[in-house]
Amino acid sequence: MEYAEFVHENVQRVQERIAEAALRAGRDPAAVTLVAVTKTFPVEAILAGWAAGLRHFGENRPEEGAEKVPQVNAAIEGVRPTWHMVGHVQSRKAALTVAHFDVVHSVDRPKIARRLSRFAREAGRQIPILLECNISGEPTKYGFRVDRWQEDQAQREAFFAACAEVLPLPALQVKGLMTMAPIVEDPETVRPIFAGLRALQDALAERFPDADWRELSMGMTDDFEVAVEEGATMVRIGRALFGPRVPHSPSHPVTQLPNHRGQVR
Ligand SMILES: *Cc1c(COP(=O)(O)O)cnc(C)c1O
């Protein structure tokens, strides 16, 4: 089987699984956007995804995106994909992020929000963003610390104060929340994480009723069905579409495709 065919079948299957999960929860499958996370996969893989109907792509490193986004855009006629930055953005990478991405899921501190807004304003753009929330409390995770927001008033107020700083920034449009669940064997284990993000969305809608909180970016290859059942409007999926990731380093650019068994050619 050719790699493009492998991706095509994966796209179909993932879209079916999203639709089934949405219907189980009484939701409209069209309310869930599939963001294909292409980090470590080469341009060829992204183009196979485009040919299979994918229209939203995500990268987690601004530098890698800066390399691949222009190549993919140049290879596509007419409408171009929507590019999502889903990984941590260092302050010095804010300009690069604005230059290549349409949506940022991973705004995790007011400082990066201010910088993104500044560069977006200079470029004459409005950038939709999500606030990344660390719901699980894992110390290795980025995101606003909200693991105890329901019972810990100080933590809740600190997060609301950060929101109050980000919301008025002139060139950013806050659209909702993003989270990454812990890696677990059984995706049912992380259902409370996703339900927790949705509860936080409700609290924010009450506290900041004039803002737009509609998007919930949650769910990856191993847990996206549970996330959709719990209200995800964006799922960020890599391996279920493109196969296992091949480890690489910046000095070894992303050129290798896994085959359909996940082996490197
Ligand atoms: C890599 C990544 C994903 C996708 O992970 P898969 O397990 O390949 O589906 C989603 N979100 C973020 C932030 C990522 O870095």
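Provide the percentage of antiparallel DSSP beta bridges, counting only those with both residues in the chain; round to the nearest 5. Rounded to the nearest five, the antiparallel share is 5 percent. Modelled spin-label separation between residue 161 and residue 183, with each label point placed 7 Å from Cα along the Cα-to-Cβ direction: 3.5 nm. Among 151, 206, 77, the largest mean-square fluctuation in a Gaussian network model of the chain (Cα springs under 10 Å) belongs to 77. Between residue 77 and residue 25, the modelled labels are 3.8 nm apart [label points 7 Å from Cα along Cα→Cβ]. The H on the amide N of residue 176, modeled in the peptide plane, is under 5 Å from the matching H of 131, 215, each at least 5 residues off or on a different chain. Counting charges near residue 198 (Lys, Arg +1; Asp, Glu -1) among other residues having Cβ under 14 Å from its Cβ returns a value of -2. Using the Cβ-Cβ distance between residue 125 and residue 4 with R0 set to 30 Å, the FRET efficiency works out to roughly 0.35.
Under a Gaussian network description of the chain, with springs only between Cα atoms under 10 Å, the residue in 30, 94, 162 that fluctuates furthest is 30.
From the residues 88, 48, 73, which one has its Cα farthest along the dipole of the range 37-94 in the positive direction, the dipole being from +1 and -1 charges on Cβ of Lys/Arg and Asp/Glu about the Cα centre? Going by the charge dipole, the pick is 88.
Surface exposure of the chain, expressed per residue as accessible area with a 1.4 Å probe, stands at 46 Å². Extension gain, residue 150-residue 195: 0.36 nm per intervening residue step, less the Cα-Cα distance, totals 14.9 nm.
Atom-type composition of the exposed protein surface of the chain places 50 percent of the accessible area on carbon and sulfur (1.4 angstrom probe).
Taking the Cα centre of the range 3-242 as origin, sum charge times position over the Cβ atoms of Lys and Arg (+1) and Asp and Glu (-1), and report the length of that vector in debye to the nearest 20.
Numbers: 29 positive and 34 negative charges, 196 e Å.
For the range 3-242, the charge dipole is close to 940 debye.
Shown are 147, 28, 108, whose ranking by accessible area with a 1.4 Å probe and every protein chain present, most to least, is 28, 147, 108. Only helices enter this figure: runs of n ≥ 4 DSSP H residues, each worth -39500 (n - 2.57), summed and divided by the residues of the chain, yield -12500 deg cm²/dmol at 222 nm to the nearest 500.
The values are calculated or read from the model by the stated rules, or taken from the named source; none is laboratory data. None of the values given here were measured: they were computed from a predicted structure. When we count neighbours, we look across all protein chains shown, and the Cβ atoms used for this are built from the backbone with ideal geometry, even at glycine. Heavy atoms of the whole protein, side chains included, go into the accessibility calculation; ligands, DNA and RNA do not. Shrake-Rupley method; radii C 1.70, N 1.55, O 1.52, S 1.80 Å.
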